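Okay, so here's the structure we're looking at.
The values are calculated or read from the model by the stated rules, or taken from the named source; none is laboratory data. The structure presented is a predicted model; accordingly, all values stated were derived computationally and were not measured. Here the Cβ positions follow ideal geometry from the backbone for every residue, glycine too, while neighbour counts run over all protein chains shown.
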Amino acid sequence: MLNLQLDKDLFHEFITSEIDKRMSKSEPLPYMMDTLKACEYLSVSRPTLLTLVKKSDVPTYSVGAKKLYKRSDIEKVANDLCERAKEKNYDLLEG
């Protein structure tokens, strides 16, 4: 089993700097995102996104075969992940 110990301040500084880097070079997010954009935004795979969406009861909007998500709903998923990380001392593999 892999056991990593992270300094909380260093972790927070790293995450903040990565977010700042991405935000400075990214274009504004659209109101609605397809699955690929939502995966890119959260930096997760498609199966992980679908699991997160199902657990969080995020509504999907279908246009033909394409599924769309409201940006605000995906941002809520991201915030929930951050809160979960804090509760578990930044160990997302726990429980």
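Numbers below:
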item: Extreme residue, surrounded by the fewest Cβ atoms within 10 Å (Cβ to Cβ), among residues of region 50-94 that are among the aromatic types (Phe, Trp, Tyr) and at pLDDT 90 or above; result: TYR61
item: Residue selected from region 34-49 under the condition over 20 Å from GLU18 (Cβ atoms) and either at pLDDT below 90 or in contact with a strand residue (DSSP E or B) (Cβ under 7 Å, 6 or more places away or on another chain) (or both), by the criterion surrounded by the fewest Cβ atoms within 10 Å (Cβ to Cβ); result: ASP34
item: Count of region 62-84 residues which are without any contact (Cβ under 8 Å) to a residue 40 or more places away in the chain, under 12 Å from MET32 (Cβ atoms) and part of a helix (DSSP H, G or I); result: 2
